[in-house]
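The values are calculated or read from the model by the stated rules, or taken from the named source; none is laboratory data. Note that the structure is a prediction, hence the values are computed from the model and not measured. Quick reminder, even Gly has a Cβ in these numbers, built from the backbone with ideal geometry, and neighbours come from all protein chains shown.
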């Protein structure tokens with residue numbers, strides 16, 4: 001199915017203060033399931049450049065506007081970015097990110113009502129060299145019923161429960 005380019009018409013969204021985190025993106029009109037809402041824009045840079053730009057950050061500061069496109073390219077929406085950079089994470093999102101031909105789009109995965117915050121699952125990939133507190137650094141604030149507690153993917157399985165053997169009297 002061919003989808004319209006996100007630049008064809010202004011998306012029905014606005015940036016406002018979010019109850020989830022900082023600023024967020026909110027629908028100004030009903031958005032139908034399957035609609036391509038906006039392209040995630042910014043400066044296209046290498047992974048090495050992304051690391052260089054953010055290596056001065058405090059270890060517990062996870063805030064960036066970086067979006068990994070592929071093994072070679074990252075979009076830094078902190079430079080020439082648009083409103084898509086303010087979309088927050090949710091473990092039960094109403095949008096998804098879609099990468100097509102090296103471009104990143106945000107599409108609605110269900111109908112979104114006016115005033116509703118637009119979110120997608122960041123699914124930040126875990127790495128072998130992650131620090132032990134990486135789940136706390138990337139803690140999720142979505143508050144949804146099925147919140148996994150982290151923006152990282154894949155989620156770590158919960159620690160095994162200790163089981164006591166049932167004893168008869």
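Things worth noting here:
- Criterion (outside any strand (DSSP E or B) and at pLDDT 95 or above) met by exactly one of 78, 60, 115: 115
- Test: residue in the stretch 37-44 that is assigned to a loop (DSSP other than H, G, I, E, B), on the phi < 0 side of the Ramachandran plot, in contact with a strand residue (DSSP E or B) (Cβ under 9 Å, 6 or more places away or on another chain) and at pLDDT below 95: no
- Among residues that are surrounded by fewer than 13 Cβ atoms within 10 Å (Cβ to Cβ) and part of a helix (DSSP H, G or I), residue 85 is not included.
- Residues in the stretch 10-23 that are assigned to a strand (DSSP E or B) and crowded, with 19+ Cβ neighbours inside 10 Å: 13 alone.
- Given (1) closer than 17 Å to residue 36 by Cβ; (2) in contact with a strand residue (DSSP E or B) (Cβ under 8 Å, 6 or more places away or on another chain), index of the condition residue 142 fails: (1)
- In this entry, residue 152 is excluded by the filter for residues that are within 14 Å of the chain's Cα centre (by Cα) and at pLDDT 90 or above.
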